[in-house]
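Only one structure is covered here, and it is reproduced in the block below.
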Amino acid sequence: MQLKNNLFPVFFKLEHLHVLIVGGGHIGLEKVSAVLNNSPLSKVTLVAKKVSPEIKAYQDVSPYLIIKEKAFEVNDLDGKDLVIAATGDRAISELIRKEATKRKILINVADTPDLCDFYLGSIVQKGDLKIAISTNGKSPTLAKRLKEVFNESLPEETQHSIENLNALRNYLKGDFSDKVKQLNEITDILVSNKNVKTLEKKWKRIATFSLIGFALLLIGNIIAAYYPLPSIINEFKYLTSQIDTTFYLMILGGFLAQIVDGLLGMGYGVTSTTFLLTMGINPASVSSSVHTAEIFASGASGYSHYKFGNVNKKLFKKLLIPGIIGAILGAFLLSKLGEQYGNYIKPIVGLYTLFLGIRILSKAFKKKKATEKLKRVGWLAGLGGFLDSFGGGGWGPIVTSTLIAKGKNPKYTIGTVSLTEFFVTLTSAFTFFALIGVAHWQVIAGLIIGGLVAAPLAAKLSGKLPLKTMLISVGILIVIVSVRILILSITKII
């Protein structure tokens, strides 16, 4: 017989019940947060010998939270409707369960499924829509991951749809069954489109591979028209004979730069440039090599993030066109005005990103708040694309750090910005690539190979890092990059 989850999902009106929580440490904080964040008007009594300041802070926002700093006593169960044991001590938890069962009070014991009458699932909420996720007590970590996925994929307009359907339901005539039947007919399109979308994805995949195949065939014919096969083979033999230890060091540099960029959504230019300069390569060669290799590295990184599900498609669409337009404008102005004007922009960028870096670090150590609704995302992308071309960099620090500072999930933000970066980089670097050519081919090829190898690994790890770790890492990197931008730009101006 196949095993299955036999739990029956129920949504309690906790404001009509009295909840007892035993435990005042980090587990108790987690349970208090879960109850009061979902039902702020719940009557909750918390009993513990020692209560953390974070739990006490909830008394400022919840008028019905009662805290008793003392040891648990059996009479604490009197008048309670639900009990949550969050002590971390099995012996005490077993005592609480025994006494609660005598009084026919339902109990949840944190991280101890065999003592539980019910579980506290991960909660996804978009307005009136609330989804509880359960893994039958076997994997809370997976439940939390699914919560992140749903939070990102469910649109903010969900509440608007609920309100419209509610208004429509009230408008419909007939008894309850008639209303349900009519609403089912209206919403049936959501289900019927599923197979159509699956078929569309299949044909889009076929069309994409066909287009790539045609492009490769076309490029191959053009190359063959100017460089016969024997000439290409001889040129390849000559190039491979020129390979030395520098080439392998460049692969290492490209690998390290892409690991940083893929994990944190920025830092490719800083990491690779620093690495190349320490190798004694002249600045002009470094600049041309990094910009050329970044096209391939950002493409591999963006594809890897997309493959591992780290991309928010809605955010990608908002960033793409404005980012490309900004990159074109920046490249055009820089070609007309000269590089010295770009140097005056960099201190402003450095100060802005330094502020964002400090803000992100502060968020890592604060209690999580609701995500701020993003406005003018297109303008942000346009500015990032413009500064990336005109100022010689800034897409990652400007766009990624701003979105994360606004409370967006780092995993999906980094993935989406990395995918968009390929198109922005391609737009801004194409002219540069065409003018510089493929001089310093060992440096470029090494960076490309290292970046291609690192991109899938970095994208995979990006989805595994804890939220706090990612916030701290991104914040520290942004501060370092910002200070470096300020020092270098002030030095150039002076």
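Computed from the coordinates by the stated procedures, all read-outs in this text should not be read as laboratory data. Because the structure is a prediction, the values reported are computed rather than measured. Because the Cβ atoms are built from the backbone with ideal geometry, glycine has one as well, and the counts that use them run over all protein chains shown.
Side notes on the structure shown:
- Backbone N under 20 Å from the residue 81 label point (7 Å along Cα→Cβ), restricted to the stretch 98-113: 100-109
- Length added when fully stretched, residue 17-residue 355, from 0.36 nm per residue minus Cα-Cα: 117.2 nm
- D by Stokes-Einstein for the stretch 120-166, Kirkwood Rh over Cα pairs, 20 °C, 1.002 mPa s: 188 µm²/s.
- Within the stretch 27-126, percent of DSSP bridges classed antiparallel, to nearest 5: 0 percent
- Based on C-alpha pairs under 8 angstrom that are at least 6 apart in sequence, the stretch 14-120 has a relative contact order of 28 percent.
- Distant-in-sequence amide H partners of residue 46 (H built 1.01 Å from N, under 5 Å): 21, 66, 67, 68
- Sum of side-chain charges, residue 109 neighbourhood, beta-carbon under 11 Å (Lys, Arg +1; Asp, Glu -1): -2
- Stokes-Einstein D for the stretch 14-120, Kirkwood Rh over Cα pairs, 37 °C, 0.692 mPa s (µm²/s): 244 µm²/s
- With a threshold of 22 Å on the Cα-Cα distance, the over-threshold entries among 181/314; 4/144; 50/102; 31/80; 98/144 are 181/314; 50/102; 98/144.
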